[in-house]
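The values are calculated or read from the model by the stated rules, or taken from the named source; none is laboratory data. From a predicted model like this one, the values you see are computed outputs, not experimental measurements. Methodologically, a virtual Cβ is constructed for each residue, glycine included, from the backbone with ideal geometry; neighbour enumeration extends over all protein chains shown. For the accessible areas, the whole protein counts, side chains as well, though only heavy atoms, and no ligand, DNA or RNA atoms are used. Shrake-Rupley method; radii C 1.70, N 1.55, O 1.52, S 1.80 Å.
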Amino acid sequence: MTRLLVVSNRVSPPVGEGKANQGGLAVALNSALRETNGIWFGWSGNEIDQFSGQINFSRNDGVTTATVDLEAQDVEEYYNGFANRTLWPLFHDRIDLAEFERGFAGGYERVNARFAETMLPLIAPDDLIWVHDYHLIPLGSELRQRGVGNRIGFFLHTPWPVLRLLLSLPHHRQLVEALFDYDLLGFQCNAWRDGFLEYVRDQFPDAEMQDDGTIRIGGRSVRVIACPIGIDAQDFMESAASPEAETARQEMIKSLDGKCLIIGVDRLDYSKGLEHRFHGYERLLTDQPHYQEKVSLLQIAPPSRADVASYQDIRKGLDALSGHINGEFATVHWVPLRYVNRGYDRTSLAGMFRASRVGLVTPLRDGMNLVAKEYVAAQDPDDPGVLILSKFAGAAEQLKQALLVNPYSPEELSDALAQALDMGLEERRARHAALLESVQREDVHWWLRTFLDALEDHGAEVISLDQSRGGGNHGGIPQIHQSLAAPSFA
Ligand code: ADP
Ligand code: F6P
């Protein structure tokens, strides 16, 4: 198999280093990298005074990670700035939170150029390069400008923004044009892929769209697919059935003192709909008071991107709202809402999921949402909990047997909670079996294979296109293709 070079903003340590918060992506990419003797390149998470481009290598369990430190200004403008203050809110329908500052865009360009320059020596002629997420949209273009002719794929883990919102981004065309320098673009679901194609039709009327999702534009060719990321279902199911998870489950059940557990596990992010979720729960307790002292909502929400003001605001808002709900409904024997700002290891999470009657996954907008799939995989098939899932999560296209809700409506949330709490065993089993089948069939290994097969398949065509436009592997005849000017968002 061709060697894989993965690039993402954050680089996860290989499995086995004992880190608590590894998600499905880290597990899957680690196994793909191990199979291909590949490299994972990205930001170390550290700041230094002056960018040096020095790569720190680490090798563990067959996976090489290669990381660089960034300057404080880079982190501020690229990560906290353009990625998380401009693109993230825009891509999650929160234009009210989006900040448009030239300095951010300049930092984004600079860091993408620095990544490209720094990783050049790591690229071997036949490597497949796979770039991840909104932090690194222009990276493919930066690599092409440096003569890299390898097959390069890009996967977006967030939603694709609504057309009219994306049009509000200064230099939005250059940002999208940079995507045309990839060979393959992957989106989490049909809705995000179709949104991208709609933008291209609107803004690039000369683009030729083919039935297989290939776009031909200005002598370039890029294939666009929907390819939903999955979890390592087998691994998660085994974790959930392990003695450690069983201990976590039993401890949780003991602490519930006979109450039914409703659980939510999310990064503390405004896109996750936590305030709306709390209002939906409050509505249940208000409108259907017979549930009081019968249920308990556990919301686990570790803080995220704490340097960004909108994240500080959502944290303050949730602190106040959770205090308000407990103040209103708690009794000396019952705390209706347990709100916890910390991370847990995956096995404990699996045990807690298994102890619950209801899983609440209600983002206002979400690229995929792996927690929804983890919740399903963690359940005991003989006595499963019920998944309540937002219609606006990418996962809703696959997990149709969940109770699908509009997360903005406290009434709908409250009704779905009541329906889930009252659901009979037969219906719970039937819904769970169908959900589990989907989670197992389209798991993370399926996702990897689907994306990488498409990237490899496209190779022959891409190579000929690259030759025709004067590209080529920088390891062979170093030619820099001129088809795109350096994207400039500043
Ligand atoms: P996002 O990528 O936006 O954070 P996802 O739901 O797709 O959302 O992925 C989140 C991942 O982080 C999941 O694998 C989930 O289990 C993990 N996670 C979320 N909250 C916690 C927590 N409190 N402790 C440990 N892991 C967590
Ligand atoms: O899934 C979206 C995403 O931004 C990933 O790229 C990222 O690893 C995760 O959420 C957590 O965000 P951050 O790396 O900013 O903590």
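Can we say Arg449 is modelled with pLDDT under 95, farther than 30 Å from Gln174 by Cα and either away from ligand 1 (no atom under 16 Å from the Cβ) or among the hydroxyl-bearing types (Ser, Thr, Tyr) (or both)?
Working: modelled with pLDDT under 95: yes; farther than 30 Å from Gln174 by Cα: yes; either away from ligand 1 (no atom under 16 Å from the Cβ) or among the hydroxyl-bearing types (Ser, Thr, Tyr) (or both): yes.
So Arg449 passes the test.
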Which members of region 284-343 meet the condition of being within 16 Å of ligand 2 (Cβ to nearest atom) and at positive phi?
Arg305
Determine whether region 174-184 contains at least one residue that is closer than 22 Å to Ile95 by Cα, away from ligand 1 (no atom under 16 Å from the Cβ) and open to solvent by 20 Å² or more (accessible area, probe 1.4 Å).
yes
Confirm whether Arg342 is within 14 Å of ligand 1 (Cβ to nearest atom), assigned to a strand (DSSP E or B), in contact (Cβ under 8 Å) with a residue 40 or more places away in the chain and more than 22 Å from Glu427 (Cα to Cα).
no
Enumeration of residues in region 277-317 that are among the polar types (S, T, N, Q) and modelled with pLDDT of 95 or more:
Thr286, Gln288, Gln292, Ser296, Gln299, Ser310, Gln312
Do you know which residues across region 68-98 are within 14 Å of ligand 2 (Cβ to nearest atom) and of a type in the set (S, T, N, Q)?
Asn80, Asn84, Thr86
Whichever residue in region 287-305 is among the small types (Gly, Ala, Ser) and open to solvent by less than 10 Å² (accessible area, probe 1.4 Å) and, among such residues, is farthest from Leu274 (Cα to Cα):
Ser296
Go through Glu397, Glu374 for me and flag whichever is touching a helix residue (DSSP H, G or I) at 6+ places or on another chain (Cβ under 8 Å), modelled with pLDDT of 95 or more, among the acidic types (Asp, Glu) and crowded, with 24+ Cβ neighbours inside 10 Å.
Glu374
Sole exception among (1) within 16 Å of ligand 1 (Cβ to nearest atom); (2) more than 25 Å from Trp447 (Cα to Cα); (3) polar (S, T, N, Q) for Gln188, by number
(2)
Would you point out which residue out of Arg94, Arg146, Arg110 is among the basic types (Lys, Arg) and within 16 Å of ligand 1 (Cβ to nearest atom)?
Arg94
So Ile123 fits all but one of (1) at pLDDT 95 or above; (2) under 21 Å from Pro161 (Cα atoms); what number is the exception?
(2)
Considering only region 180-214, state which residues are touching a strand residue (DSSP E or B) at 6+ places or on another chain (Cβ under 6 Å), in contact (Cβ under 8 Å) with a residue 40 or more places away in the chain and part of a helix (DSSP H, G or I).
Asn190
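Working carefully through the options Asp366, Asp382, find the one that is surrounded by fewer than 20 Cβ atoms within 10 Å (Cβ to Cβ) and either among the charged types (D, E, K, R) or at pLDDT 95 or above (or both).
Asp382
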Note down all Cβ pairs under 6 Å where the first residue falls in region 149-168 and is in a helix (DSSP H, G or I), the second is β-branched (Val, Ile, Thr), and they're at least six residues apart or on different chains.
Leu165/Ile95
Take the residues in region 112-130 that are in a helix (DSSP H, G or I) and open to solvent by less than 10 Å² (accessible area, probe 1.4 Å), then tell me which one is nearest to Thr36 (Cα to Cα).
Met119
Picking from Phe115, Phe155, Phe82, Phe104, which residue would you name as being within 28 Å of Ile55 (Cα to Cα) and within 16 Å of ligand 1 (Cβ to nearest atom)?
Phe155
